[in-house]
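Working notes, structure below.
Each value in this text was obtained by applying a stated rule to the coordinates, not by laboratory testing. All values reported here derive from a predicted model rather than from experimental measurement. In this analysis, Cβ positions are derived from the backbone assuming ideal geometry, glycine residues included, and neighbour counts consider all displayed protein chains.
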Amino acid sequence: MILDGEKILVGISGGKDSQALLKILYDLKARAPVTFDLVPVHIDSGFKGSFSKELEKYIEKEYGPIRVEYKEYGPYAHSSENRENPCFLCSRLRRKRLFEIAKEEGCNKIALGHHKDDLIETLFINICYAGKIGTMKPRQSFFDGELEIIRPLAYVEKHEIILFNDKFALPEFVNNCPSANRTKRDEIRQMLDGLYKKNKHIKGNIFNAMGNVALDYLLDSKNDRHSKPT
C-alpha cells in the first residue's frame, strides 16, 4: 500500500480507529524499508463541545504537526436546508475537503481508519438503503490514478483495534455529533451483532463473500426481462 517517497494524508477523527492507524503508521515509518511522509489532518465539523484543540495538542506532543480545519459541515447537514441524510452529506463534504487538502499538501494517498467491520456494515447499508451491492475497498483509486485512498486496517476486526488501543493507552476523543449512536450504520451494526452471536463463522463468511461474487447468479436488470436474440 505504501511505496518509497510517498506523502500520505492520514484522516484523523479522534476515535479509536484513527488513533490506532496513526500510531501504526508512525511506528512503521520509523522502521520500514521505504521512506514516506505522513500528514495528519482533522476536520472539525462545527458541533458544540469540540475536542479539536485537545486532539491537536495530543497529536503534536506524540507525533508532530497536525493540520486542523474548522468547518460548519455538521450543523449544515443537520439543518432544514439539507434534504439528504445528514450523515451522508457531512461525510461527503468532509471527504471532498480531504481530497482538496491532499492536493494542497502534495499527498498522493489518503489513509483512513476503516476496518473489517466497517466494510461489512457498508455492504449492508448499500444493500438496504441504496439498493446496490458494494462496499469500501482496501485500496481505491480516484481522478485517473492521481489520488488513492488506502485502508491499512481493512482486514483488522474492531475488537482487535480496541485491544491495541488499550495496550498502548491511546486516548479516544468521543464523537460530539448529535446523530451519534442513532444512525443507519448503528442499526445495521446491531443487526449484524445479533447474527454474529448466533454463529461465529458468519462475519468471516460475509467478508469472504465480498471477494467471491458469483456474477452469473446476480440479476441482470437490462437483459433478464427479455430473452437475448440468437
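The distance separating the Cα centre of the stretch 117-141 from that of the stretch 39-91 comes to 23 Å. Springs between Cα atoms under 10 Å define the GNM used for the chain, and in it the highest mean-square fluctuation of Phe207, Phe47, Phe142 occurs at Phe142.
Quote the charge dipole size of the stretch 66-149 about the Cα centre in Debye, to the nearest 20; the model charges only the Cβ of Lys and Arg (+1) and of Asp and Glu (-1). All intermediate terms of the calculation are to be shown ahead of the outcome.
On the way: 14 positive and 13 negative charges, 24 e Å.
Here the size comes out at about 120 debye.
Among Asn212, Ala20, Leu195, which residue has its Cα furthest toward the positive end of the charge dipole of the stretch 6-217, with +1 on Lys/Arg Cβ and -1 on Asp/Glu Cβ? Value: Leu195. Within the same chain, lysines fewer than 8 places from Lys116 are excluded, and of the rest, those with a Cα less than 22 Å from its Cα are Lys16, Lys23, Lys132, Lys137, Lys158, Lys167, Lys184, Lys197, Lys198, Lys200, Lys203.
A simple charge model with +1 on the Cβ of Lys and Arg, -1 on the Cβ of Asp and Glu and nothing else charged puts the dipole of the chain at about 560 debye relative to its Cα centre.
The order of Lys96, Lys16, Lys23, going from fewest to most other C-beta atoms within 10 Å of their C-beta, is Lys96, Lys23, Lys16.
In the chain, a dipole from Cβ-located charges (positive for Lys and Arg, negative for Asp and Glu) runs towards its positive end, and of Gly106, Asn82, Leu153 it is Asn82 whose Cα lies farthest in that direction. Under the convention that each Lys and Arg Cβ holds +1 and each Asp and Glu Cβ holds -1, the size of the dipole of the stretch 101-230 around its Cα centre is about 460 debye. Summing charges over neighbours of Lys158, with a neighbour being any other residue whose Cβ is under 12 Å away from its Cβ, gives -3 when K and R count +1 and D and E count -1. Residues Glu60, Glu6, Glu81 in ascending order of nearby Cβ atoms (within 10 Å, fewest first): Glu81, Glu60, Glu6. Relative to the longest principal axis of the Cα atoms of the chain, the long axis of helix 116-125 makes an angle of roughly 50 degrees. Summarising the label geometry, the points placed 7 Å from Cα in the beta-carbon direction at Asp193 and Phe168 lie 2.6 nm from one another. Bridgeable aspartates and glutamates around Lys7 (alpha carbons under 14 Å apart, same-chain partners fewer than 8 residues away excluded): Asp37, Glu104, Glu105, Glu146, Glu148.
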